[in-house]
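First comes the structure, then the notes that go with it.
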Amino acid sequence: MRVGQEAADLLMQRPATFDLSMKSSVMDFATQMDKASEELIVSSILAVRPDDGIIGEEGASRESSSGITWVIDPLDGTVNYFYGLPGWNVSIAAKDLNQTLVGVVNAPTINSVWHATIGGGAFYNNCAIKCNDPIELNSALIATGFAYDTADRAVQLKIVSDLLPQIRDLRRNGAAAVDLCHVAMGALDAYMETGLKEWDLAAGELIAREAGALVSTKKWGNSALTLAAGHALHAVLAPIYA
């Protein structure tokens with residue numbers, strides 16, 4: 001949690017201008033702050049755990065000789081950060097060969113820190129949390145997100161067109177880890193998005209699971225669909241995208 005807070009503090013020093021590096025498309029980019037945050041996190045971890053592995057969104061990669069690998073999204077919600085919108089976060093998790101063991105998500109613009117340990121429950125600002133369950137579909141508040149590849153967005157629109165007539169409302173917040181954590185604490189009833197990467201999911205998925213939610217990822221169209229919700233609502237939503 002300390003390293004996540006240090007990275008969040010660094011990112012709160014938002015620069016007046018940005019150096020942008022394009023990734024998969026012109027809409028998928030990193031800033032100098034994404035890279036600075038990853039460098040801070042990696043150096044801090046390796047200073048005390050030099051044998052651990054690293055998987056970072058901005059390219060940090062290191063094989064583990066200890067059996068533990070850290071999965072890092074140094075700035076989840078870069079577009080929000082670039083535009084000065086809230087909800088971007090730092091997401092850090094550690095896994096062994098079988099499962100994620102610990103996870104922390106720090107979103108300083110909304111004064112929120114979530115953390116979880118495997119079998120130890122989930123917490124929001126050090127208070128224990130649980131997901132909403134059961135929830136009926138017609139009263140569900142659901143979040144989603146859209147791919148950087150515009151060709152995939154036409155397929156993702158099916159999520160919106162199918163759900164809107166049946167639910168309370170839909171949100172698009174712009175940061176996967178926080179959406180998963182909002183499911184964990186009951187600020188959302190469900191979250192679904194296609195094309196998430198391991199660093200998008202690692203910490204937030206553990207937090208949601210430890211709060212009682214069911215999180216699944218399965219092939220859907222040309223991508224993979226992640227769905228997080230309490231068990232009752234998950235059972236209703238999952239068949240829609242079978």
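The values are calculated or read from the model by the stated rules, or taken from the named source; none is laboratory data. Please read these numbers as outputs of a predicted model, since none were measured by experiment. Cβ sites come from the backbone with ideal geometry, for glycine too, and all protein chains shown count toward neighbours.
Numbers for the structure displayed
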{"quantity": "Members of region 195-225 that are part of a strand (DSSP E or B) and under 15 Å from GLY103 (Cβ atoms)", "calculated": "VAL215"}
{"quantity": "Boolean, ALA93 is modelled with pLDDT of 95 or more, farther than 21 Å from GLY195 by Cα and in a strand (DSSP E or B)", "calculated": "no"}
{"quantity": "Condition met for ILE68 (closer than 22 Å to ILE207 by Cβ and more than 17 Å from the chain's Cα centre (by Cα))", "calculated": "yes"}
{"quantity": "Candidates VAL104, VAL79, VAL90, filtered to the one that is touching a His at 6+ places or on another chain (Cβ under 7 Å) and β-branched (Val, Ile, Thr)", "calculated": "VAL104"}
{"quantity": "Meets criteria (under 23 Å from TYR148 (Cβ atoms), part of a strand (DSSP E or B) and not assigned by TED's automatic domain parsing to the domain that holds ALA202) for VAL79", "calculated": "no"}
{"quantity": "Checking ALA154 against (1) over 14 Å from the mean Cα position of the chain (by Cα); (2) surrounded by fewer than 19 Cβ atoms within 10 Å (Cβ to Cβ); (3) outside the structural domain of ALA7 (by TED's automatic domain parsing); (4) more than 25 Å from ASN80 (Cα to Cα), the condition it does not meet", "calculated": "(4)"}
{"quantity": "Residue identified as free of Cβ contacts under 8 Å to residues at least 24 places away in the same chain, touching a Pro at 6+ places or on another chain (Cβ under 9 Å), over 30 Å from ILE129 (Cα atoms) and not polar (S, T, N, Q) among ALA36, ALA60", "calculated": "ALA60"}
{"quantity": "Qualifying position, being of a type in the set (Ser, Thr, Tyr), in contact with a Phe, Trp or Tyr (Cβ under 8 Å, 6 or more places away or on another chain) and free of Cβ contacts under 8 Å to residues at least 40 places away in the same chain, among SER21, SER43, SER91", "calculated": "SER21"}
{"quantity": "Subset of region 108-137 (residues that are among the charged types (D, E, K, R) and closer than 12 Å to MET185 by Cβ)", "calculated": "LYS130"}
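Results for (1) touching a strand residue (DSSP E or B) at 6+ places or on another chain (Cβ under 6 Å); (2) farther than 15 Å from LEU137 by Cα; (3) not assigned by TED's automatic domain parsing to the domain that holds ALA122, shown as yes or no for each residue.
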{"site": "CYS181", "(1), (2), (3)": "yes, yes, yes"}
{"site": "ALA187", "(1), (2), (3)": "no, yes, yes"}
{"site": "GLU205", "(1), (2), (3)": "yes, yes, yes"}
{"site": "GLY212", "(1), (2), (3)": "no, yes, yes"}
{"site": "VAL215", "(1), (2), (3)": "yes, yes, yes"}
{"site": "LYS219", "(1), (2), (3)": "no, yes, yes"}
{"site": "ASN222", "(1), (2), (3)": "no, yes, yes"}
{"site": "HIS234", "(1), (2), (3)": "yes, no, yes"}
